[in-house]
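J.: Pasting a structure below so you can have a look.
The values are calculated or read from the model by the stated rules, or taken from the named source; none is laboratory data. Source: prediction; values computed, not measured. Cβ placement follows ideal geometry from the backbone for every residue including glycine, while neighbour counts extend to all protein chains displayed. Remember, those area values only see protein heavy atoms, side chains included, never the ligands or the DNA or RNA. Shrake-Rupley method; radii C 1.70, N 1.55, O 1.52, S 1.80 Å.
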Amino acid sequence: MPKVTVDGEEIEVPQGATVLQACELAGKEIPRFCYHERLSIAGNCRMCLVEVAPGPPKPQASCALPAAEGQEIKTNTEMVKKAREGVMEFLLINHPLDCPICDQGGECDLQDQAMAYGRGASRYEENKRAVTEKYMGPIVKTIMTRCIHCTRCVRFAEEVAGVEDIGAIGRGENMQITSYLEHAVQSELSGNVIDLCPVGALTSKPYAFEARPWELKKTPTIDVMDAVGTNIRLDSRGRGVLRALPRINDDVNEEWASDKTRYAVEGLDNRRLDKPFVRNSKGKLEMASWEEAFAAIAAVDHKGMVAAIAGDLVDCETMYAARELVTAMGGDMFEGRQTGLAYDTSSLSALNFNTTIAALETADVVLIIGSDVRREASLVNTRIQKAMRRGGAKAFAIGPETDLTYKTEWLGNDMGKIAKLPKAMADALKNAERPAVIVGGGALAIDGVHGAALALVKKYKLKRKLEDGSEWNGFNVLHFSAARMGGLMLGYAHQGGIAAIAKKKPRLAFFLGADEVDYGKFKSTYKVYVGHHGDAGAHAADVILPAAAYSEKSGTYVNLEGRVQRGERAVFPPGDAREDWSIFRALSDVVGHTLPFDSHDECRAAMAKAVPALGEEGLASYGWKAPKLPASPKGKMKGYPITDFYLTNAICRASETMQRCSSEITHGEAFLEAAE
């Protein structure tokens with residue numbers, strides 16, 4: 001490793017590091033606008049100038065200069081100070097003086113660095129340049145006069161999102177950043193450019209003029225819009241959540257978040273259930289008190305025929321409390337696969353994303369079976385994109401053709417090909433050092449797919465020991481529901497799935513935020529909906545018990561790779577709504593089966609005692625056990641489970657921004673905006 005001297009201090013730096021990284025290792029702060037750790041180096045802004053010897057007697061851009069043996073780097077000389085002031089002066093020449101009305105105010109890199117590295121006064125007396133606004137869709141608001149041409153957004157769109165929809169036109173002073181033909185950016189990750197923009201050129205359209213960052217309470221929690229388990233921060237004021245931002249977690253989401261994660265929070269205040277309802281003798285739902293709602297449930301002559309159906313957004317504590325109550329009432333029917341899936345659950349390792357999200361980017365061959373990874377798990381898709389861009393990985397897929405944002409060799413949508421892969425695919429898996437197979441949750445609905453995919457593990461040694469001694473398991477199942485893995489760990493997987501439960505005709509069933517269920521199959525069942533939005537589940541229910549959304553309760557969630565994570569409560573539930581676990585605890589007294597916990601902490605402790613893996617944060621260890629299943633898949637996959645990325649759950653459907661994204665991006669509707 002090369003040794004360099006930074007301001008008189010000698011340090012060792014990794015091979016291939018830049019001078020900027022060397023300075024940071026030495027504890028020096030280097031200003032920058034265009035440089036970003038997760039993007040390629042552009043060297044546009046020249047703000048990161050330092051003095052380097054040996055070298056020309058002038059400041060050099062540290063972000064694009066490799067660190068070499070014997071370099072002497074100076075970050076605080078008079079030459080460096082004067083150069084940085086000059087660069088900042090040039091950047092501010094055309095920057096508008098609209099900080100008081102700019103949404104970036106308070107968290108703006110340009111503001112911070114102008115204070116730290118800028119001159120004390122301006123010498124510029126000419127007219128400032130102005131740029132017309134661009135249209136990038138319902139999520140990104142553009143004020144391009146503020147743009148400093150750092151090109152972070154351009155590089156993100158191409159390198160991470162894999163959608164080359166943002167670029168530059170013109171040259172020099174006339175250069176402008178714009179979207180392709182000024183259409184909405186066709187990416188599920190477009191909101192990340194707002195965080196990347198170091199100035200106020202790209203800001204959040206739904207959040208415009210809502211709040212300043214110092215007014216907000218910041219709460220760390222876990223996203224439930226998909227099964228990735230994105231680490232997020234909810235910013236709230238009073239009783240409202242105003243925005244969701246990603247937190248850095250290199251093992252899960254790096255520092256990105258999908259647009260659904262960011263903007264579905266707008267739906268948290270719309271169409272909310274905040275009072276209990278009971279269906280009267282005329283078949284109409286009417287408002288009731290908690291006592292009346294509980295009394296109606298207790299009056300049901302269930303005779304032990306009780307079921308619990310979990311939705312996609314439910315936390316583990318809720319499922320555990322419901323399971324304990326239903327078991328105490330004599331029931332044994334639990335299901336979390338509300339859309340009708342009924343695959344084998346005898347081994348959780350055979351249903352897990354075993355490679356892990358972070359390690360997937362080191363795979364050299366990826367076979368995708370019946371999964372639209374781009375829409376089912378956008379941030380898993382970015383890892384495959386990275387594997388191909390940096391490691392030269394190859395991607396193959398079986399299923400209906402779709403745009404995954406990277407070059408994919410499609411093998412058709414006949415699932416029978418899993419049992420007999422084409423020669424090119426078979427050779428690629430055989431010769432790969434780190435092969436990975438990803439089976440979509442929807443593909444598991446086709447008989448024989450699960451068994452045929454598991455057969456690939458032994459045939460191509462997907463589970464192996466690598467040269468460095470580490471273990472590699474290339475078999476992965478990609479779920480798309482935040483509650484799925486936690487539900488499987490808690491036993492929410494009835495033999496034969498939800499169809500088998502409906503066939504048994506339970507007399508009483510609790511639906512935990514389950515809005516995608518075919519309620520027509522439960523006509524003779526007394527349905528209790530425990531949820532937070534007035535969606536399909538509430539319309540079909542006989543009793544509605546208003547519960548808390550994920551932002552309104554602390555909860556445990558397990559992502560698709562079996563990672564146990566905890567989220568915190570940001571705000572309180574509206575009206576008479578209560579946290580889900582407390583609803584079941586209160587109901588248990590009325591039905592005569594009191595649950596043995598009185599607080600959330602006691603509920604979590606009891607859950608951890610029943611399922612020890614849920615007691616500790618981090619990757620749960622399932623071991624490896626491949627069940628023997630039929631391995632002769634037949635039939636073609638007609639379509640993927642997610643047909644509209646932006647409207648997959650009740651919270652999304654209550655969000656105006658998600659509705660607009662669906663109309664414009666998914667369905668191609670044109671929206672005209674009034675000229676300002």
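J.: Return the distance in nm (one decimal) between the two label points of a simple spin-label model at Ile169 and Glu467, each offset 7 Å from Cα along Cα→Cβ.
T.: Inter-label distance under the simple model: 4.9 nm.
J.: Just round it to a whole percent: the fraction of Cα-Cα distances in region 305-365 exceeding 17 Å. Could you put the intermediate results ahead of the total?
T.: On the way: 1075 of 1830 pairs.
Looking at region 305-365, the distances longer than 17 Å represent 59 percent of pairs.
J.: Taking +1 at the Cβ of each Lys and Arg and -1 at the Cβ of each Asp and Glu, which of Ile357, Ala22, Thr230 sits farthest along the dipole of the chain towards its positive end, judged by Cα position relative to the Cα centre?
T.: Ile357
J.: Also, quick follow-up: If you stretched the chain out fully between Ser122 and Tyr180, how much longer would it get, using 0.36 nm times the residue separation minus the C-alpha to C-alpha distance?
T.: 17.3 nm
J.: OK, next. Please turn the phi angles of region 555-564 into ³J(HN,Hα) values with the Karplus equation 6.51 cos²θ - 1.76 cosθ + 1.60 (θ = phi - 60°), one per residue in order, whole Hz, x for glycine and proline.
T.: x, 9, 10, 10, 7, 5, 9, x, 8, 7
J.: Would you please state the base-10 log of I(q)/I(0) at q = 0.16, 0.20 1/Å for region 244-315, with intensities from the Debye formula using one equal scatterer on every alpha carbon?
T.: -0.84, -1.02
J.: Could you work out how far the C-alpha centroid of region 154-172 sits from that of region 584-613, in angstrom?
T.: 52
J.: Could you pull out the trypsin sites (Lys or Arg not before Pro) across region 171-275 that fall in loop regions by DSSP (anything but H, G, I, E, B) with no more than 13 other Cβ atoms inside 10 Å?
T.: Working: sites: Arg171, Lys217, Lys218, Arg233, Arg237, Arg239, Arg243, Arg247, Lys260, Arg262, Arg271, Arg272; in loops: Arg171, Arg239, Arg247, Arg271.
Here the trypsin sites (Lys or Arg not before Pro) that fit, given the DSSP loop and packing criteria, are Arg171, Arg239.
J.: Would you tell me the accessible area of Trp290, worked out with a 1.4 angstrom probe on the heavy atoms of the protein chains, in Å² to the nearest 10?
T.: 40
J.: Got a sec to turn the phi values of region 509-526 into Karplus ³J(HN,Hα) couplings, 6.51 cos²θ - 1.76 cosθ + 1.60 with θ = phi - 60°, whole Hz, x for Gly and Pro?
T.: For region 509-526, the Karplus curve yields 9, 9, 10, 8, x, 8, 9, 9, 6, 7, 5, x, 7, 10, 4, 8, 9, 7 Hz.
J.: Separate question: Taking the Cα centre of region 167-324 as origin and charging only Cβ (+1 Lys, Arg; -1 Asp, Glu), how large is the dipole, in debye to the nearest 20? It would help to have the intermediate numbers written out before the result.
T.: On the way: 20 positive and 25 negative charges, 119 e Å.
The dipole of region 167-324 has a size of about 580 debye.
J.: Taking 0.36 nm per intervening residue step and subtracting the Cα-Cα distance, what contour gain separates Phe671 from Ala53 on full extension? Working shown, then result.
T.: Working: separation 618, 0.36 × 618 = 222.48 nm, distance 5.59 nm.
Result for the pair: 216.9 nm of gain on full extension.
J.: Where the centre of each part is set by its Cα atoms, how far does region 188-205 sit from region 437-480, in angstrom?
T.: Centre-to-centre distance over Cα atoms comes out at 36 Å.
J.: Using DSSP to call loops (not H, G, I, E or B), can you name the trypsin sites (Lys or Arg not before Pro) in region 31-135 whose Cβ has at most 12 other Cβ atoms within 10 angstrom?
T.: Numbers: sites: Arg32, Arg38, Arg46, Lys74, Lys81, Lys82, Arg84, Arg119, Arg123, Lys128, Arg129, Lys134; in loops: Arg32, Arg38, Arg46, Arg119, Arg123, Lys128, Arg129, Lys134.
Of the trypsin sites (Lys or Arg not before Pro), the ones in loops of region 31-135 whose Cβ has at most 12 other Cβ atoms within 10 Å are Arg123, Lys128, Arg129.
J.: Against the longest principal axis of the chain, how steep is helix 600-610, in degrees 0 to 90 to the nearest 10, with axes from Cα atoms?
T.: Between the helix axis and the principal axis of the chain, the angle is about 70 degrees.
J.: Radius of gyration and Dmax for region 531-582's Cα atoms, expressed in Å?
T.: Both quantities, over Cα of region 531-582: 12.9, 36 Å.
J.: Return the distance in nm (one decimal) between the two label points of a simple spin-label model at Ala586 and Trp624, each offset 7 Å from Cα along Cα→Cβ.
T.: Each label point is offset 7 Å from its Cα along the Cβ direction, giving 4.9 nm.
J.: Could you run the Karplus curve 6.51 cos²θ - 1.76 cosθ + 1.60 with θ = phi - 60° over region 176-190 and give me ³J(HN,Hα) per residue in whole Hz, x for Gly and Pro?
T.: So the J values, rounded to whole Hz, are 9, 8, 8, 8, 4, 6, 6, 8, 4, 5, 8, 9, 7, 10, 4.
J.: In degrees from 0 to 90, rounded to the nearest 10, what is the angle of the helix 449-459 Cα long axis to the longest principal axis of the chain?
T.: Helix 449-459 sits roughly 60 degrees off the main axis of the chain.
J.: Name the residue farthest towards the positive end of the dipole of region 551-676 from the options Gln659, Ala620, Asn559, assuming +1 on Cβ of Lys and Arg, -1 on Cβ of Asp and Glu, about the Cα centre.
T.: Among Gln659, Ala620, Asn559, the one farthest towards the positive end of the dipole of region 551-676 is Ala620.
J.: Over the chain, what is the percentage of antiparallel beta bridges among all DSSP beta bridges, to the nearest 5?
T.: Numbers: 47 of 83 bridges.
Here the antiparallel bridges make up roughly 55 percent for the chain.
J.: Can you tell me the convex hull volume per residue for region 521-670, based on C-alpha atoms, in Å³ to the nearest whole number? Don't jump to the answer; show the numbers that get you there.
T.: On the way: hull volume 33.8 nm³, N = 150.
Taking only Cα atoms, region 521-670 has a hull volume of 225 Å³ per residue.
J.: Which of Val300, Ser346, Thr402 sits closest to the plus end of the dipole of the chain, meaning its Cα is farthest towards the positive end, when Lys and Arg get +1 and Asp and Glu get -1 on the C-beta?
T.: Ser346
J.: Loop only by DSSP, 10 or fewer other Cβ within 10 Å of the Cβ. Give me the trypsin sites (Lys or Arg not before Pro) in region 394-443 that pass, ordered by residue number. Could the numbers behind the result be given before it?
T.: Details: sites: Lys394, Lys407, Lys417, Lys420, Lys423, Lys430; in loops: Lys407, Lys420.
Loop-located and lightly packed - Lys407, Lys420.
J.: Separate question: In the full protein assembly as shown, how much of His183 is accessible to a 1.4 Å probe, in Å² to the nearest 10?
T.: 110
J.: Starting from the exponent 0.38 and prefactor 2.2 Å, build the expected Rg for region 1-122 from its residue count and divide its actual Cα Rg by it. Could the numbers behind the result be given before it?
T.: Numbers: Rg = 15.3 Å, N = 122, 2.2 N^0.38 = 13.7 Å.
Rounded to two decimals, the normalised Rg is 1.12.
J.: For the chain, give the magnitude of the charge dipole about the Cα centre (Cβ charges: +1 Lys/Arg, -1 Asp/Glu; no others), in debye to the nearest 20. All intermediate terms of the calculation are to be shown ahead of the outcome.
T.: Values: 82 positive and 90 negative charges, 404 e Å.
Computed charge dipole of the chain: roughly 1940 debye.
J.: I would also like to ask the following. With N residues in region 245-381, what two-decimal value do you get for its Cα radius of gyration over 2.2 N^0.38 Å?
T.: Values: Rg = 20.7 Å, N = 137, 2.2 N^0.38 = 14.3 Å.
Here the Cα radius of gyration is 1.45 times the empirical estimate.
J.: Using just the helices of the chain, give the 222 nm mean residue ellipticity in deg cm²/dmol: DSSP H runs with n ≥ 4 each add -39,500 (n - 2.57), and the total is spread over all residues, rounded to 500. Spell out each step's value before the answer.
T.: Working: 19 runs with 161 residues, N = 676.
Calculated at 222 nm, the ellipticity per residue is -6500 deg cm²/dmol.
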